[in-house]
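The values are calculated or read from the model by the stated rules, or taken from the named source; none is laboratory data. Note that the structure is predicted; figures quoted are calculated from it, not measured. Cβ: placed from backbone, ideal geometry, glycine included. Neighbour counts: every protein chain shown.
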Amino acid sequence: MTVVEAIIIAIVEGITEFLPISSTGHMIITEKLLGIASNDFTKLFTVGIQLGAILAVVVLYWKKFMTPFSQGKKGWLFYLKLIVAVLPALGLGFLFEDRIDALLDSSLTVAITMIGGGIILLFIDTVFNHHPVVTEEQISYPSAFKIGLWQCLAMIPGVSRSAASIIGGMQQKLTRKLAAEFSFFLAVPTMAAATGYKLLKGYDRLSTGDLKLFAIGNIVAFIVALLAIKFFIGYLQRHGFRLFGYYRIIGGILLLILLATGYLKA
């Protein structure tokens, strides 16, 4: 992987991580289109540059993450809900790590889940249109756990972590804005755990050049994610999910065409 390729993948990560279109799926396809070989390092890089995107959430919502120090017990309840919500992903991610890694090579899986997820997004605003939960304090612990279960669907490449957890939030009667913000908050412990675990397992096999690519990738992903999050929240409040649904369906169909013509390998 070259520096330019690392920057391209990081831009894709920053744009797609918090949009309901699957960052992992986009990075898998981008790597294949660029002709980057799938190996232990590229899989590690795909997960590792999520740290930059995580930092973007912390910076944008700094006051929220600092509430335990300003609001005492009430503030710590925010973190407790995130812990409850992240438990399903930690457990299932550990149990099915090898199967999840094996799917990271599958363009066909990405194409199918892109289309399926797109169809769901076309109707999600109509199906879940009752939103009495308008503040984070109103989110119950059972609801947080259920949102965490929805998030686990994103272990399948092409299923967006953002979309899965936002849909889970709306199914638990959160407003679109609150569901999106809780999804962002939940991304921090989820991706930090996944990235940290992968890096600890593979750190001793990284060269100086590999570490350089990680640093560049995370800086780029951080900057791009800052812009993407601001755009998404504003757009979601005004227009909903329909555009993202069409994008996923069209993208999935194009992938199937590329697979059928042999341009991409399944």
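Observations, loosely collected:
- Some residue of segment 249-265 being at positive phi and without any contact (Cβ under 8 Å) to a residue 40 or more places away in the chain: yes
- The selection criterion, being within 24 Å of THR16 (Cβ to Cβ) and assigned to a helix (DSSP H, G or I), holds for GLY148.
- Among the residues of segment 22-44, those that are among the β-branched types (Val, Ile, Thr) and surrounded by 24 or more Cβ atoms within 10 Å (Cβ to Cβ) comprise THR24, ILE28.
- Residue match in segment 46-66 (condition: within 11 Å of GLY217 (Cα to Cα) and either hydroxyl-bearing (Ser, Thr, Tyr) or surrounded by fewer than 18 Cβ atoms within 10 Å (Cβ to Cβ) (or both)): yes
- Considering residues of segment 16-28 that are in a helix (DSSP H, G or I) and among the hydroxyl-bearing types (Ser, Thr, Tyr) only, the residue modelled with the highest pLDDT: THR16
- Candidate set from segment 206-244 (those that are in a helix (DSSP H, G or I) and among the polar types (S, T, N, Q)); member that is farthest from ILE167 (Cα to Cα): THR208
- Hey, PHE184 in a helix (DSSP H, G or I), under 27 Å from LEU77 (Cα atoms) and in contact (Cβ under 8 Å) with a residue 12 or more places away in the chain or not: yes
- Looking across segment 182-210 at every residue that is farther than 24 Å from ILE7 by Cβ and over 11 Å from the mean Cα position of the chain (by Cα), the one that is surrounded by the fewest Cβ atoms within 10 Å (Cβ to Cβ) is identified as ASP204.
- Residue among GLU31, GLU13 that alone is touching an Asp or Glu at 6+ places or on another chain (Cβ under 9 Å), part of a helix (DSSP H, G or I) and either more than 24 Å from GLU136 (Cα to Cα) or of a type in the set (A, V, I, L, M, F, W, C) (or both): GLU31
- Selected residue (only one of TYR247, TYR197 is at pLDDT below 90, in a helix (DSSP H, G or I) and among the hydroxyl-bearing types (Ser, Thr, Tyr)): TYR197
- Meets criteria (touching a Pro at 6+ places or on another chain (Cβ under 8 Å) and farther than 23 Å from ARG99 by Cα) for LEU121: yes
- Segment 107-157: number of residues that are buried (at least 16 other Cβ atoms within 10 Å of the Cβ), of a type in the set (Ser, Thr, Tyr), under 24 Å from VAL86 (Cα atoms) and in contact with a helix residue (DSSP H, G or I) (Cβ under 6 Å, 6 or more places away or on another chain): 0
- Pick from segment 163-181, criterion outside any helix (DSSP H, G or I) and in contact (Cβ under 8 Å) with a residue 40 or more places away in the chain, ranking: surrounded by the fewest Cβ atoms within 10 Å (Cβ to Cβ): THR175
- Restricting LEU19, LEU33 to those that are farther than 15 Å from VAL159 by Cβ and in contact with a helix residue (DSSP H, G or I) (Cβ under 9 Å, 6 or more places away or on another chain) reduces the list to LEU33.
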